[in-house]
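Okay, structure first, notes after.
The values are calculated or read from the model by the stated rules, or taken from the named source; none is laboratory data. Please read these numbers as outputs of a predicted model, since none were measured by experiment. Glycine gets a Cβ as well: all are built from the backbone with ideal geometry, and neighbour counts include every protein chain shown. Protein only, heavy atoms only, side chains kept; ligands, DNA and RNA dropped before computing areas. Shrake-Rupley method; radii C 1.70, N 1.55, O 1.52, S 1.80 Å.
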Amino acid sequence: MKIIYTIFELQKSLQIPRQSGKTIGFVPTMGALHEGHISLVTRCAEENDICVVSIFVNPTQFNNKNDLLTYPRTLDIDLGILKKSKCDFVFVPEVNEMYPEPDMRKFDFENLDIVMEGAHRPGHFNGVAQIVSKLFEAVKPDQAYFGEKDFQQLAIIRNMVKQLNLNIKIIGCPIVREPNGLAMSSRNARLSEEERKKASLISQTLFKAKELKKEKKVEELKEWMITAINNESMLKVEYVDIVDGNSLQSISTWDETDFPMACVAVFCGEVRLIDNISL
Ligand code: AMP
């Protein structure tokens with residue numbers, strides 16, 4: 001595995017494989033790697049000749065300064081994990097490499113960004129699109145892999161690829177969970193042992209909601225989920241939404257969509273966790 005720090009070096013390294021017709025797969029990450037990330041890397045390596053992973057904590061997608069400051073950074077451990085995976089190139093740029101000057105671009109995501117994460121984290125998805133488009137430009141992958149854990153992000157990236165007319169296939173990969181059901185996340189590293197246990201109630205509530213769908217109306221199910229999670233004193237719901245999985249807009253009756261998704265953001269102490277399930 002080769003570690004690369006600049007766009008120039010990256011493009012030089014990928015030139016020969018690309019010219020000889022090799023396919024390039026790409027997995028963008030912010031590091032603090034866990035099995036969720038590695039599931040993407042494994043799939044990327046299986047489906048492409050060359051697997052490129054990036055590790056970059058992108059400042060423009062953090063609407064909360066403290067979240068950026070406390071975001072876990074474990075580069076040496078990450079590189080050790082990637083060395084044991086099927087990753088061929090890991091791209092680890094500095095902030096100046098990706099933003100030699102401020103990125104002033106403003107994207108229009110056709111209402112995909114006005115709900116859920118977008119509504120609660122102003123500017124977040126614009127920052128995500130800025131960095132992912134720059135990384136796509138640097139790597140020029142054939143296929144790129146994203147987790148369904150960040151369900152709204154996946155929709156935003158697909159929309160961005162369409163808008164920018166990029167010839168990149170976006171592949172969504174299933175959520176990898178801890179044995180207790182908690183969706184794996186870099187932010188889980190900031191949970192205490194007890195918080196980690198209690199946070200499993202988030203996914204348990206989502207699993208139960210899928211069963212209860214048959215007997216409850218949309219609004220009733222939402223209320224039930226909010227109460228179930230907030231009943232645990234360590235957890236505080238920021239939002240629970242039931243949306244159409246394509247438009248991401250809230251639904252009020254089940255017959256509005258054949259792709260209903262329940263999406264949640266919950267604070268566990270100071271740590272903000274998200275999760276979702278197809279109902
Ligand atoms: P991050 O480092 O949090 O920006 O995540 C990098 C990629 O890994 C994103 O596409 C995430 O959706 C994906 N990812 C994060 N956690 C998981 C998980 N538990 N299961 C599957 N994919 C994940």
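See the values below:
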{"item": "Counted residues, segment 210-225 - those being open to solvent by 70 Å² or more (accessible area, probe 1.4 Å), touching a residue at least 24 places away in the same chain (Cβ under 8 Å) and not in a loop (DSSP other than H, G, I, E, B)", "result": "2"}
{"item": "Leading residue by the ranking (nearest to A265 (Cα to Cα)) among those in segment 85-141 that are of a type in the set (D, E, K, R) and within 18 Å of the chain's Cα centre (by Cα)", "result": "E117"}
{"item": "Residue list for segment 104-121, restricted to those being outside any loop (DSSP other than H, G, I, E, B), of a type in the set (D, E, K, R) and open to solvent by 30 Å² or more (accessible area, probe 1.4 Å)", "result": "none"}
{"item": "Residues of segment 154-166 classified as in contact (Cβ under 8 Å) with a residue 12 or more places away in the chain and open to solvent by 40 Å² or more (accessible area, probe 1.4 Å), total", "result": "4"}
{"item": "Number of the exception - F207 against (1) free of Cβ contacts under 8 Å to residues at least 60 places away in the same chain; (2) open to solvent by 50 Å² or more (accessible area, probe 1.4 Å)", "result": "(1)"}
{"item": "Segment 214-229, residues that are over 11 Å from V264 (Cβ atoms) and in contact with a strand residue (DSSP E or B) (Cβ under 8 Å, 6 or more places away or on another chain)", "result": "V218, L221"}
{"item": "Selected residue [at pLDDT 95 or above, in contact with a Cys (Cβ under 7 Å, 6 or more places away or on another chain) and away from the ligand (no atom under 16 Å from the Cβ)] from M1, M104", "result": "M1"}
{"item": "Residues (in a loop (DSSP other than H, G, I, E, B), within 22 Å of Q61 (Cα to Cα) and within 12 Å of the ligand (Cβ to nearest atom)) located in segment 151-181", "result": "I175"}
